[in-house]
Amino acid sequence: MSTISIRKYAGENGALAGLLVLAVVIAVMQPAFLNAQNLLNVGVQAAVIAIMAFGMTFVVVAGGIDLSVGSIAALAAMVGALTAGPLGLVVGALCGLVNGALISYGKLPPFIATLAMLSVARGLTLVFSEGQPHETDELVTFLGSNLTPSLPLPLLLMLAFFGITGLVLTRTNLGRRMYAIGGNEEAAKLSGIDVRRNKLWIYALSGLFAAAAGLVLAGRLGSAGPQAAVGYELDAIAAVVIGGASLSGGVGRATGTLVGALVLAVLRNGLNLLQVPPFWQQVVIGAVIALAALLDSLRRR
């Protein structure tokens, strides 16, 4: 097997192997991990980050970054709680469009544009909520409920968004353009791709997926809070990178992102079962993210 083939295999399957090893280690140390209800809990815990990370995958594949998804999720959830769930989705997509416009037409770096949106969206959430949590309506609450005792709706929604992401990336012109833009933006322009317009759609999708994640989170909690989803953007980026996507763009898959989100959920669940203090959990998770980024750097070399 050539060096290139080994690197490709490691990039595509390393996260899955890591997930399996992690699950085995935790199961040996704490057999309760394999309890059916606990495994369902892991899936539900992964759902919100996974849905958000699927939208982030589009952005990262196209060579960008979106730091605003956590705040957009909170804003969409709050709008959904105060008005109606579908309006929350619209708000999320509009926030994404603003990000795309600032990046494509305002020529702002993605880091700066989405950092500004992070602040604006969080501020609007605080303004609309007046600093108080608000109960969700029946529709939003339904999104976080169980269809049966062993069938959580958030898990089904995660799988649905996984399928949508895979189809967009592999079966649509927009998906192919994402890879082209992320691989070499100048070459994409020369080949006739309207990079600016496509970036609008890419960031709009990221905002839409973040809004959906926010509504699922609010449904699980039964309320939308002004400080909901704080820091979730970091978990979303981590899930994408752990799943084998390159922060340089041009590389990434829906399957990898799903596995990355499951790695984070399994890790958190295992640390809780092992009664690791929360502060040390942050240290461990940070080390895993750093390791994933390092492997990405080594893989690109």
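Given the criterion within 20 Å of ILE26 (Cβ to Cβ) and surrounded by 12 or more Cβ atoms within 10 Å (Cβ to Cβ), identify the matching residue among LEU247, LEU258, LEU295.
None of the other options fit; the residue is LEU258.
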**Message:** Condition check: aliphatic (A, V, I, L, M), at pLDDT 95 or above and either open to solvent by less than 40 Å² (accessible area, probe 1.4 Å) or over 22 Å from GLN227 (Cα atoms) (or both). Does VAL42 satisfy that?
**Reply:** yes
**Request:** Under 9 Å between Cβ atoms, at least 6 apart or on separate chains: pull out the pairs that start in the range 153-167 with a residue that is over 18 Å from GLY207 (Cβ atoms) and end on any residue that is open to solvent by 30 Å² or more (accessible area, probe 1.4 Å) and among the small types (Gly, Ala, Ser).
**Result:** LEU153/SER145; PRO154/SER145
**Item:** So ALA287, is it in contact (Cβ under 8 Å) with a residue 40 or more places away in the chain and either more than 23 Å from THR165 (Cβ to Cβ) or open to solvent by less than 20 Å² (accessible area, probe 1.4 Å) (or both)
**Value:** no
**Request:** Could you grab me the full set of residues in the range 123-151 that are touching a residue at least 60 places away in the same chain (Cβ under 8 Å) and in a helix (DSSP H, G or I)?
**Result:** THR125, LEU126, SER129, VAL140, THR141, PHE142, LEU143
**Fill in**
Among GLY55, GLY18, GLY64, the single one that is over 28 Å from ASN272 (Cα atoms) and touching a helix residue (DSSP H, G or I) at 6+ places or on another chain (Cβ under 8 Å) is GLY64
**Request:** Could you list all residues from the range 185-206 that are farther than 16 Å from VAL61 by Cβ and touching a helix residue (DSSP H, G or I) at 6+ places or on another chain (Cβ under 8 Å)?
**Result:** LYS189, SER191, ARG196, ARG197
**Asked** basic (Lys, Arg) and surrounded by 13 or more Cβ atoms within 10 Å (Cβ to Cβ) - does that describe any residue in the range 159-173?
**Response** no
**Subset of the range 79-91 (residues that are closer than 22 Å to ALA113 by Cβ and either touching a Phe, Trp or Tyr at 6+ places or on another chain (Cβ under 8 Å) or among the hydroxyl-bearing types (Ser, Thr, Tyr) (or both))** = VAL79
**Complete:** Restricting attention to the range 187-237, the residues that are open to solvent by 40 Å² or more (accessible area, probe 1.4 Å), small (Gly, Ala, Ser) and not in a helix (DSSP H, G or I) number exactly 2
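The values are calculated or read from the model by the stated rules, or taken from the named source; none is laboratory data. Since the structure is predicted, the reported quantities are computational estimates derived from the model, not experimental observations. Methodologically, a virtual Cβ is constructed for each residue, glycine included, from the backbone with ideal geometry; neighbour enumeration extends over all protein chains shown. These area figures cover heavy atoms from the full protein model, side chains too; ligands, DNA and RNA do not enter into them. Shrake-Rupley method; radii C 1.70, N 1.55, O 1.52, S 1.80 Å.
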